[in-house]
Amino acid sequence: MKKEDFRKPEHVSAWNEAQSPLWFWNDKLEQEELVRQLTLMTEKGVACNAPHARTGFEGGYLDEEWMANIKTVLDYKAAHGETMWLYDEFNWPAGIANGEVTKNEDYREKFLTIQRFFVPAGTRFRCQSSILRESIGDNLFCYDAETMERLDIRQFQPEDTSGQLFNLSAFDFEVLRERDTVVYAAKISIEPFRREGYFDPDYLNPEATKKFLDVTYEAYYREFPEAFGKVITAGFNDETRFCHALPWTDNLLEEFEKRYGYRLEERLPDMVLPGDEAGRTRCDYFNLLAELYRANYHKVLREWCESHGIDYCPHLLGEETLAGQVRYAGELLRQFRETTRPGVDHLGKGIGSLNIRFVSSAAEMRGRRKWTGRNRFC
């Protein structure tokens, strides 16, 4: 590379997508203004960008007017020999389609919470199971506080003859022992709907992914099929992640038992307990999350993009550390298997370079010709 190339990158056509900035659409759009800004980018050598609706945008997302504005961009790009990427969401994280996906409760992320109660000896502890969703309710577990020996919960429910450890009946649950006791209450919940909210879709559910594809990528393809692979060269998928620490999906229990040969519903406190056995359960749980996330979200989107002649370029949240990768993706490099251009977010000073190493390693291992690093301070 030559210093002169950095001074005048517009003269190096091979670099046309080396910089593909997010082009914030955060006001009322006017076609003359769009063309003016496109012209400025062309003059500065920015030959590729990704129109990105953000808070402040006035108008309907993905409606007729929106598509007319995208057409203005496409026409300009085609006339100037430039390209663009699709930013596939309003704000972020991707997968919500500005609420069109998550307004359906079945497509919102479910999550497991575990509450711990310490019950001193001689103290009466009482609660009642409550059904939150069909076939999902509170799950109660009892341990001797000193030995952490698991106690058979059925001895505390003499009226319940079902023998079930999961989905307890509506009978009251009561503990009164001469020794200290620890009770764990596990529950599956769903966040309330928020159109531009923080809360994610169920990335483990292929039906939610299918809905997202239909509302976004398919909508663009129906409008501009001839642009795919020519002017539109990639789809950018931004900051997908598990919103909650212990995400859930409707068929998780069945998938878990099928893969590992034991019932997760009988070991839910292992998500917070110390020890080798609990650690093994957590490893299996997060391994399953990583695999479902890969197969039911990123793989689906990559296959769609590649079958329509464009690259799939996602950036996931929390790439900077191994702990963050498990928390937000189960396993980051496994998700990178399903990307055409693996990407990371590099937010400036203090982040370090390890996340860049992750993405460049993934590109090398997977034989990807390109990878993407996003720096918001450029």
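The values are calculated or read from the model by the stated rules, or taken from the named source; none is laboratory data. Just so it is clear, the structure is predicted and the values come from calculations on it, not from any experiment. Every residue, glycine among them, receives a Cβ derived from its backbone with ideal geometry; neighbour counts consider all protein chains shown. Accessible surface areas use protein heavy atoms only, side chains included; no ligands, DNA or RNA. Shrake-Rupley method; radii C 1.70, N 1.55, O 1.52, S 1.80 Å.
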Handout entry: Checklist (1) more than 30 Å from TRP85 (Cα to Cα); (2) open to solvent by 30 Å² or more (accessible area, probe 1.4 Å); (3) not β-branched (Val, Ile, Thr) applied to ARG294, failing item
Key = (1)
Handout entry: Condition check for LEU317: over 22 Å from GLU226 (Cβ atoms), open to solvent by 10 Å² or more (accessible area, probe 1.4 Å) and without any contact (Cβ under 8 Å) to a residue 40 or more places away in the chain
Key = no
Practice task
For residues that are open to solvent by 20 Å² or more (accessible area, probe 1.4 Å) and of a type in the set (Lys, Arg), scanning just region 218-276, find the one that is nearest to PRO21 (Cα to Cα).
Solution key: LYS230
Handout entry: Among (1) part of a helix (DSSP H, G or I); (2) at pLDDT 95 or above; (3) of a type in the set (Asp, Glu) - the single one GLU146 does not satisfy
Key = (1)
Practice task
Tally the residues that are at pLDDT 60 or above and surrounded by fewer than 13 Cβ atoms within 10 Å (Cβ to Cβ), restricting the search to region 355-378.
Solution key: 4
Problem - Verdict on GLY309 being outside any helix (DSSP H, G or I) and over 20 Å from the mean Cα position of the chain (by Cα) - result: yes
